[in-house]
Every structure is written in C-alpha cells, then in structure tokens.
1. For the chain, calculate the relative contact order in percent as a whole number, restricting contacts to Cα pairs under 8 Å that are 6 or more residues apart.
2. If packing is taken as the mean number of other Cβ atoms within 10 Å per residue, what is the order of 65-75, 104-114, highest first?
3. So how tilted is helix 145-165 from the main axis of the chain? Cα-based, degrees 0 to 90, rounded to 10.
4. If you fit an axis through the alpha-carbon atoms of helix 208-218 and take the longest principal axis of the Cα set of the chain, what angle between them do you get, 0 to 90°, nearest 10?
5. Over the alpha-carbon set of the stretch 43-151, divide Rg by the Kirkwood Rh and report the Rg/Rh ratio to two decimals.
6. Take every Cα-Cα distance within the stretch 68-127, group them into 5 Å bins from 0 onward, and report for each bin the whole-number percent of pairs it holds.
7. If packing is taken as the average count of other Cβ atoms within 10 Å, what order do 190-197, 160-167 fall into, highest mean first?
8. Report, in whole Å, the centroid distance computed from the Cα atoms of the stretch 37-83 and the stretch 201-227.
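Values in this text are rule-based calculations from the coordinates and carry no lab data. Quick caveat, the model's predicted, so the values are computed rather than measured. Here the Cβ is made from the backbone with ideal geometry for all residues, glycine too, and neighbour counts use every protein chain on show.
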C-alpha cells in the first residue's frame, strides 16, 4: 500500500508541482484547494491525483477533510503545508481584513492541518511534515507586513514542532522559496519583475519543480536525520541561517 501525502494548495503553482513530484515518487497524493474548481479539475485529469476542497484556515473543516482523506487513502505519512495567499498593501493603509485573511490562510492553517495528523504520526513513530515559508518571511518585504509576519511564523512553528516530535520519528522542516515562475509571480508588472530578477544572482526565477524536488527529498527515508531545518532556495537572493 503506498504512503499517503497531503499537499495543501496542491492543484496550482508550486503546490501542483509538489503533488506531481510526490505522485511520481509513489505516494498516494491528496491535493487540497479552496477556490478554483476549474484548475482542480484540470489537475486531477492530468495527474490522476485525488483532490479535496475546503478552507485550510478552518480548523473544523480541515479535521473533517483529513478524516475523509484517511478513509479513502489511508493514514497520512506526509503533510506539505503549502497553501498561501497574499493581500499586499502598505501597513499604514492595510485593513484588518487584509491582515487577518493572510494570517488565517498562511499561519492558522499550520495548526488546522497539522493538528489532525500529528497524533497518528507519533503513534506510528513515523511522519514527515514540510512547511512552505518564503524568502520574505526571512528578510521582510515592503508592502507585505502581513505576509512576511505569517511566513516568519511558519519558521517558528517548524522549529518548535520539530523539537517536540524528533524522538517520535516525525521530522518537521521548512522551505523558504525565493521568486518562483508561477502564475502569481507572472502577474507582477513587467518592470517590477525585471527589477526582481535583477536582484537574483543566478539571473532567473526559480522553477516550481526545483521546490518540488527538495520537498520529495525531505519526504523520503533519506531525510530521516534532517529536522528543524530552514532551507533557502532563492538563487542566492538572500543568504541566511534561518
């Protein structure tokens, strides 16, 4: 019976690349999404992976969703907390809804999705949790006080949870991507995008598949000694220890 992996926000962008890579590695993949039914249907048709719809910021919906996945596919071996949104704006003009929407989806989801799987992983003395943060959670970004705060919180969540579960065979790691060639980044105005690329030493945007390959390694048996790590993958744009 294949191992089971959940990828939140798994039907588009980086999440879709991760889901595809894990499926290619032999996992039974459950990709969650919230809003775009058309993209989810296309993803499912292309990959054959299972898709599930709910808001990962909703703890009750997430607990129920995990139960459905486990009933259909089996106990969860790998959780990739990838779902995220932006609601950018300068802080002095930011509304509370812009703040709270990002906090709910990007940070509250860490609890909502991880809490339903962690006890089972501990009982089985095996599990992999991979959290997707961001370069802007490490260095900050103008116009993204909400996003940077949430993504910095993901790093703290990763480190503390790793310490709590290391002796139970459950690893918890964090990836901080830089600017990746996805629909969201391509929507940035051309001049702004050119400026961003100019700040990346390797001279290009990252590929979603490059993030996916790192996730696949962290989800593998080869990564059993890696936990609590904050891994930067940003083309040298920001070099940090975590």
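1. Values: 469 pairs, mean separation 47.2, N = 242.
Worked out over the chain, it gives 20 percent.
2. Working: 65-75: 16.2, 104-114: 22.2.
Descending mean neighbour count gives 104-114, 65-75.
3. The helix 145-165 is inclined about 30 degrees to the chain.
4. Helix 208-218 and the main axis of the chain meet at about 40 degrees.
5. Over the Cα atoms of the stretch 43-151, Rg/Rh equals 1.04.
6. The distribution over the stretch 68-127 is 4, 16, 19, 18, 13, 10, 8, 7, 4, 1, given as percents.
7. Details: 190-197: 11.5, 160-167: 14.6.
The densest-packed peptide leads the list: 160-167, 190-197.
8. Between the Cα centres of the stretch 37-83 and the stretch 201-227 lies a distance of 21 Å.
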